[in-house]
1. Any residue at all in the stretch 308-315 that is crowded, with 20+ Cβ neighbours inside 10 Å, within 14 Å of the ligand (Cβ to nearest atom) and at pLDDT 95 or above?
2. Within the stretch 94-134, which residues are basic (K, R) and modelled with pLDDT under 95?
3. So, of the residues in the stretch 142-161 that are under 17 Å from the mean Cα position of the chain (by Cα) and either under 23 Å from E311 (Cβ atoms) or more than 10 Å from the ligand (Cβ to nearest atom) (or both), which turns out to be surrounded by the fewest Cβ atoms within 10 Å (Cβ to Cβ)?
4. For the stretch 217-235, how many residues are within 15 Å of the ligand (Cβ to nearest atom) and either closer than 20 Å to T291 by Cβ or crowded, with 23+ Cβ neighbours inside 10 Å (or both)?
5. Do you know which residues across the stretch 249-306 are free of Cβ contacts under 8 Å to residues at least 40 places away in the same chain, more than 25 Å from K231 (Cβ to Cβ) and outside the structural domain of E186 (by TED's automatic domain parsing)?
6. Has the stretch 4-14 got at least one residue that is modelled with pLDDT under 95, in a strand (DSSP E or B) and either surrounded by fewer than 18 Cβ atoms within 10 Å (Cβ to Cβ) or in contact with a Leu (Cβ under 8 Å, 6 or more places away or on another chain) (or both)?
7. Under the condition of being surrounded by fewer than 13 Cβ atoms within 10 Å (Cβ to Cβ) and among the basic types (K, R), which residue from the stretch 360-401 is modelled with the lowest pLDDT?
8. Evaluate the following for E72: is it part of a loop (DSSP other than H, G, I, E, B) and more than 9 Å from the ligand (Cβ to nearest atom)?
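The values are calculated or read from the model by the stated rules, or taken from the named source; none is laboratory data. This is a predicted model, so every value here is computed, not measured. Please note: Cβ atoms are built from the backbone with ideal geometry, for glycine as well, and neighbour counts cover all protein chains shown.
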Amino acid sequence: MRVLSRCSQLAADVAVVGGGPAGLLLASLLAESGFKAVVLEEHRVVGEPPHCAGLVTPRCLRWALGLPLSGEYVQNAVRGARVYSPSGATEATVERPSVQAVVVDRPLLDRALLGVALSSGAEVLLRHRVRAIRRAGNQWLVDAGDVAVRSPVVVDAAGPRFLLARAVGARPPRMLRGALPAVQVELEGVRGMDPDFVEIYLGSRWAPGFFAWLIPTGDREARIGLAASRKPVLPLLKHLLARHPRLRSRVAGARERRLLAGVVLVSGPLSRTWGNGALLVGDAGGFTKPTTGGGLFVGAISSRAAARAIELAWSRGDLSSRSLSLYESLWRAAVGRELAKMRLARAVLRCLPDPVVEEAIGVLRSRPVRELLESSSDVDYQLSGVRAAAVARALALSLLT
Ligand SMILES: Cc1cc2nc3c(=O)[nH]c(=O)nc-3n(C[C@H](O)[C@H](O)[C@H](O)COP(=O)(O)OP(=O)(O)OC[C@H]3O[C@@H](n4cnc5c(N)ncnc54)[C@H](O)[C@@H]3O)c2cc1C
């Protein structure tokens with residue numbers, strides 16, 4: 001980090017707008033390969049304000065984000081999920097003997113990524129809000145008020161604000177359809193919780209168009225939140241806490257530590273994620289799982305693909321949109337099919353009326369379906385492999401008979 005005098009102009013190879021996980025990871029990878037990468041982040045402290053439940057797989061942490069599993073950002077480890085039907089009367093548990101996901105403190109995780117970016121040689125300018133990004137000859141000019149960065153490549157990593165989407169010819173997701181408002185509270189003093197399990201609450205009366213969650217961060221501490229295809233979401237959260245038959249008595253008297261709001265993206269990557277000297281990574285490119293809105297794993301994949309595409313295009317001396325379209329081939333090869341399947345699954349799940357969901361949870365309790373699910377499910381690759389098809393078939397048949 002460095003202090004800049006007023007109205008400085010900086011030259012960089014790549015300007016990265018946004019110092020979240022996607023931007024910081026990309027900047028680290030580029031800096032490690034010898035690029036001058038400059039990150040512009042609007043906040044004074046990275047990771048603040050938090051906007052995440054912090055549930056990631058060990059694979060995401062270690063392999064995709066390149067961080068150790070033992071960092072101070074890890075708060076808890078879970079090995080399964082309890083899913084509650086809309087009435088709360090039925091509960092299905094999916095579990096495995098080993099750790100399936102870890103719960104992280106997002107601000108600390110983002111700061112760990114900042115540390116890696118800085119030690120790799122990336123430059124990170126905090127308190128620099130990008131106001132405009134425009135083309136100037138064959139360069140980009142990224143205007144952050146007292147600083148302007150001039151670079152042949154610009155990357156939008158600014159989350160669901162979609163600063164560059166239109167410039168590359170993509171349409172940002174529509175609010176309440178592809179982009180859902182979300183709210184989450186951190187509570188201390190939650191009773192009757194098993195810290196090994198996350199909890200999922202289904203039903204249109206609790207979280208229309210999506211679901212509500214409880215992520216344990218300790219024995220009696222949890223993040224409870226929801227996203228929905230209806231606004232406002234804060235009254236929905238209050239209603240969930242006050243009325244849900246499986247939750248209300250357990251949270252009565254719990255202390256509220258922090259309330260946050262955000263946007264959960266569920267429509268998958270934008271129709272175009274690259275342009276002339278420009279790429280979109282992380283939430284800015286729609287890189288989240290359409291089923292759950294989880295974006296850390298897929299966003300990290302997008303950053304890795306972007307770093308590789310920039311390196312190859314640079315080595316060819318061709319940063320045109322045609323040359324950078326390699327980016328899409330790379331991320332598609334890694335997660336394209338999976339995301340397309342999740343998108344389809346979301347389209348189906350979104351339309352299911354509560355009585356069908358109620359019944360489906362009952363079916364999930366049946367041993368053959370549960371065993372199939374437990375042996376095939378994976379938080380990152382949720383719908384991979386033949387077993388996923390077998391689960392879907394078993395579910396469908398049970399619902400039809
Ligand atoms: C309530 C909620 C719960 C979630 N839970 C999970 C979860 O459990 N697991 C999971 O994997 N994902 C989860 N997600 C999604 C996850 O938080 C995002 O996918 C992830 O943060 C995306 O990272 P990113 O780097 O692309 O964007 P961000 O984390 O949004 O980072 C973007 C950065 O850009 C900065 N910025 C924005 N505009 C500008 C500007 N004009 N100039 C400079 N800087 C700018 C912002 O300050 C921010 O630091 C959740 C999301 C929400 C809303």
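1. no
2. Step one: of the stretch 94-134, the residues basic (K, R) are 96, 106, 111, 127, 129, 131, 134.
Across the stretch 94-134, the qualifying residue is only R96.
3. To start, the set of residues in the stretch 142-161 that are under 17 Å from the mean Cα position of the chain (by Cα) comprises 156-161.
Remaining after also requiring either under 23 Å from E311 (Cβ atoms) or more than 10 Å from the ligand (Cβ to nearest atom) (or both): 156-158.
Working: D156: 30, A157: 33, A158: 27.
Only one residue tops the list, namely A158.
4. Taking the stretch 217-235 as the starting set, the residues that turn out to be within 15 Å of the ligand (Cβ to nearest atom) are 217, 222-229, 231-234.
Next, only the ones that are either closer than 20 Å to T291 by Cβ or crowded, with 23+ Cβ neighbours inside 10 Å (or both) stay: 222-229, 233.
Matching residues across the stretch 217-235 total 9.
5. Within the stretch 249-306, just A305 meets the criteria.
6. Of the stretch 4-14, the ones modelled with pLDDT under 95 are 4-9.
Still in the running and in a strand (DSSP E or B): 8-9.
After this cut, where a residue has to be either surrounded by fewer than 18 Cβ atoms within 10 Å (Cβ to Cβ) or in contact with a Leu (Cβ under 8 Å, 6 or more places away or on another chain) (or both) as well, the list is 8-9.
Yes, the conditions are met somewhere in the stretch 4-14.
7. R393
8. Spelling it out, E72 is indeed part of a loop (DSSP other than H, G, I, E, B) and more than 9 Å from the ligand (Cβ to nearest atom).
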